[in-house]
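Participant: Pasting a structure here, questions to come.
The values are calculated or read from the model by the stated rules, or taken from the named source; none is laboratory data. For clarity, every value in this text was computed on a predicted model and none was experimentally measured. In this analysis, Cβ positions are derived from the backbone assuming ideal geometry, glycine residues included, and neighbour counts consider all displayed protein chains.
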């Protein structure tokens with residue numbers, strides 16, 4: 001099973017809200033996920049919640065981050081370091 005860390009959309013029309021999830025790569029974008037790893041609000045451009053330790057765990061075990069999730073994780077690390 002190939003695991004990916006990607007965004008899953010929740011929220012209503014014209015008001016997007018994204019979950020960062022670990023999911024089997026064969027599943028739908030908004031389908032069943034293995035674990036909720038955080039959330040992102042694109043309207044406010046803020047990472048509401050991010051479980052960095054769990055993301056590191058999944059990556060260590062072979063999960064692949066999407067480009068967008070990689071950017072969000074790097075942004076979060078920069079803001080914590082500053």
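Participant: Residues in segment 50-80 that are part of a loop (DSSP other than H, G, I, E, B) and either in contact with a strand residue (DSSP E or B) (Cβ under 6 Å, 6 or more places away or on another chain) or on the phi > 0 side of the Ramachandran plot (or both): how many?
Facilitator: So in segment 50-80, the residues part of a loop (DSSP other than H, G, I, E, B) come out as 51, 61-63, 66.
Checking which are either in contact with a strand residue (DSSP E or B) (Cβ under 6 Å, 6 or more places away or on another chain) or on the phi > 0 side of the Ramachandran plot (or both) leaves us with 51, 62-63, 66.
Going through segment 50-80 one residue at a time, the tally reaches 4.
Participant: For residues that are touching a helix residue (DSSP H, G or I) at 6+ places or on another chain (Cβ under 9 Å) and assigned to a strand (DSSP E or B), tally how many sit in segment 13-35.
Facilitator: Keep residues of segment 13-35 that are touching a helix residue (DSSP H, G or I) at 6+ places or on another chain (Cβ under 9 Å), which gives 18, 20, 22, 34-35.
Next, only the ones that are assigned to a strand (DSSP E or B) stay: 18, 20, 22, 35.
Looking only at that region, the number is 4.
Participant: Further question on the same structure: Going through 5, 47, 10 one at a time, which residue ends up being modelled with pLDDT of 90 or more, surrounded by 13 or more Cβ atoms within 10 Å (Cβ to Cβ) and assigned to a strand (DSSP E or B)? Spell out how you get there, then give the answer.
Facilitator: On the way: 47 fails: modelled with pLDDT of 90 or more; 10 fails: surrounded by 13 or more Cβ atoms within 10 Å (Cβ to Cβ).
Residue meeting the stated conditions: 5.
Participant: Sticking with this one: Would it be correct to say that residue 32 is without any contact (Cβ under 8 Å) to a residue 12 or more places away in the chain and loosely packed, with under 11 Cβ neighbours inside 10 Å?
Facilitator: Details: without any contact (Cβ under 8 Å) to a residue 12 or more places away in the chain: yes; loosely packed, with under 11 Cβ neighbours inside 10 Å: yes.
In short, yes.
Participant: Something else: Check off (1) surrounded by fewer than 15 Cβ atoms within 10 Å (Cβ to Cβ); (2) touching a residue at least 40 places away in the same chain (Cβ under 8 Å); (3) under 11 Å from the mean Cα position of the chain (by Cα) for residue 22 and give me the number that stays unchecked.
Facilitator: Unmet for residue 22, out of (1) surrounded by fewer than 15 Cβ atoms within 10 Å (Cβ to Cβ); (2) touching a residue at least 40 places away in the same chain (Cβ under 8 Å); (3) under 11 Å from the mean Cα position of the chain (by Cα): (1).
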